[in-house]
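The next block holds one structure in the form of structure tokens; read it before the comments.
The values are calculated or read from the model by the stated rules, or taken from the named source; none is laboratory data. Predicted model only: the values in this text are computed from it and were never measured. FYI the Cβ positions are ideal-geometry reconstructions off the backbone, even for glycines, and counts take in every protein chain you see.
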Amino acid sequence: MNRSSRLRWAAAAVLALLSAPLGAEQLYRHDAWPAVASDRRAMAVGDAITVVILEATRAASKLENNSSRSTQLGGGLQAGGIDESGTLSFGGSYSGAGETVRSEQFVAQMSATIIERLSNGDFVIEGRQHLLINGETTEIGVRGRIRPQDISADNTVLSSRIADARIDYDGEGFVSRSAKPGLITRILSFLGIG
């Protein structure tokens, strides 16, 4: 076989290979490709979501009570050379007022997980966060129902947008124990002395 025959045979083989269909794997998957400008929003059971807890409450109660009472009794006695008279008076007044004002604010940010998708498309979320700082243990828990449209582009939801919300905040440690009144103070308060 001469050189030109070999070249023709090699060219035919290359053309045959190029005309055969080639299989390739696609790199882009539209269902799992995150957007360039934002994170992927939580949309399925098991997905994580960030809950921004902004809760503020204020309650005030005021009571005023005023009362006064005045009683006067008078009388006299005349008999022979005795002429006596006397007056007795009683009086009293009471004025009392009481006011209670309570204000609380709770700000936190934590992650929760979608644990259920309801028939109407809403999600049930639940999450817990445990912190141990300088001997103080703090636990924050959140559970409730959210709508998919309330999840922002950065995959967060405000606590005010959680329906049937249950937000727990509890702590224990030296600071928590020190903030509670002692046994004697509680007994005196119960008896109305303290």
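Structure notes:
- Pair list, Cβ < 8 Å and 6+ apart or interchain, from the range 44-70 residues that are closer than 30 Å to S103 by Cβ to residues that are basic (K, R): T57/R102; R58/R102; A59/R102; A60/R102
- Residue in the range 98-124 that is surrounded by the most Cβ atoms within 10 Å (Cβ to Cβ), counting only those that are over 21 Å from E139 (Cα atoms) and among the acidic types (D, E): D122
- Residue within the range 24-38 that is within 51 Å of the chain's Cα centre (by Cα) and either in a strand (DSSP E or B) or modelled with pLDDT of 75 or more (or both) present: no
- Restricting the range 125-169 to residues that are among the hydroxyl-bearing types (S, T, Y) and over 20 Å from A42 (Cα atoms), the residue that is surrounded by the most Cβ atoms within 10 Å (Cβ to Cβ): T138
- Within the range 63-86, the set of residues being of a type outside the set (D, E, K, R) and within 60 Å of the chain's Cα centre (by Cα) comprises L63, N65, N66, S67, S68, S70, T71.
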